[in-house]
1. For the chain, what is the relative contact order in percent, using Cα pairs closer than 8 Å and at least 6 residues apart in sequence?
2. Return the inverse of the average 1/r over all pairs of distinct C-alpha atoms in the stretch 57-179, which is the Kirkwood hydrodynamic radius, in Å to one decimal.
3. Explain nothing, just compute: Karplus ³J(HN,Hα) = 6.51 cos²θ - 1.76 cosθ + 1.60, θ = phi - 60°, for every residue of the stretch 197-211 in order, whole Hz, x for Gly and Pro.
4. Where a ≥ b ≥ c are the square roots of the eigenvalues of the C-alpha gyration tensor, would you call the stretch 1-60 rounded, which needs a/c under 1.5, or, failing that, prolate if a/b is larger than b/c, or oblate?
5. At q = 0.15, 0.21 Å⁻¹, what log₁₀ I(q)/I(0) does a Debye calculation on the Cα points of the stretch 118-211 give, no solvent, two decimals?
6. Normalised radius of gyration for the stretch 100-151, please: alpha carbon Rg relative to 2.2 N^0.38 Å, two decimal places.
7. Among Pro172, Gly28, Asn208, whose Cα projects farthest towards the positive end of the dipole of the chain, with charges put on the beta-carbon of Lys, Arg (+1) and Asp, Glu (-1)?
8. Give the percent of DSSP beta bridges with both residues in the chain that are antiparallel, rounded to the nearest 5.
Amino acid sequence: MKIAEIFTSIQGESTYTGLPCTFIRFAGCNLRCAYCDTPYAFEEGEELTLGEVMDKVRKAGIVLVEFTGGEPLLQEECYELMDSLRKKKYTVLLETNGSVSVEKVAEGIVKIVDFKCPSSGMSAYNDFSNVNCLDHQDEVKFVIGTREDFTWARDVVDRYTLLSKCKVLFSPVVPTLEARKLAGWILEGKLPVRLQLQLHKLIWPECNRGV
């Protein structure tokens, strides 16, 4: 499998924010979001065997592991890796961009589906059939850059009754949208969603990777 980087940091997103976490960043992505902060993962990386990745995770000594990208589900080997880590009692989070089916993801893996809002330029690629594969442990994230994005995300939450299925998070595009403005919209709309800030960028604002 082609891996852009493996590193351990503080989890900066999701409902697991603040916890130590080892990240496995897969190389390759089928989308090109306007605000992407990891373009190096489009192509950059090295080929590693399942055993090599498992060994790096074991040496890190952290029980929380996140698959991220790029887009992990573009590589078939990620399913075997997820299953191997789950069997070793790791808590595995899968962050996926919403355009690839999560139907084959094993039970017990926490799915974090990042449905793309209009300002990303990629909203046409959302696969909303993924909603049928979500349960209470899973999460849907919307990265919001404009008021149009906010309205669109709110409508998606309502249309697919996401709040009854999973956790829902709204995150501002940095630096396009101030967090306080998004917070105001959430409060104004009385939406029971989580405001998500990228904690790792607040801790290490000078770092573009490895956090």
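The numbers here are math on the coordinates, done by the rules we state, and not lab data. This one's a predicted model, so the numbers in the text were calculated from it and none came from an experiment. Here the Cβ is made from the backbone with ideal geometry for all residues, glycine too, and neighbour counts use every protein chain on show.
1. Across the chain, relative contact order equals 19 percent.
2. 15.2
3. In residue order, the calculated couplings are 9, 8, 4, 4, 6, 6, 6, 10, x, 7, 9, 9, 7, x, 10 Hz.
4. Oblate, since a/c reaches 1.5 and b/c is not below a/b.
5. -0.64, -1.14
6. So the Cα radius of gyration is 1.22 times the expected 2.2 N^0.38 Å.
7. Pro172
8. Given both bridge residues lie in the chain, the antiparallel proportion sits at roughly 25 percent.
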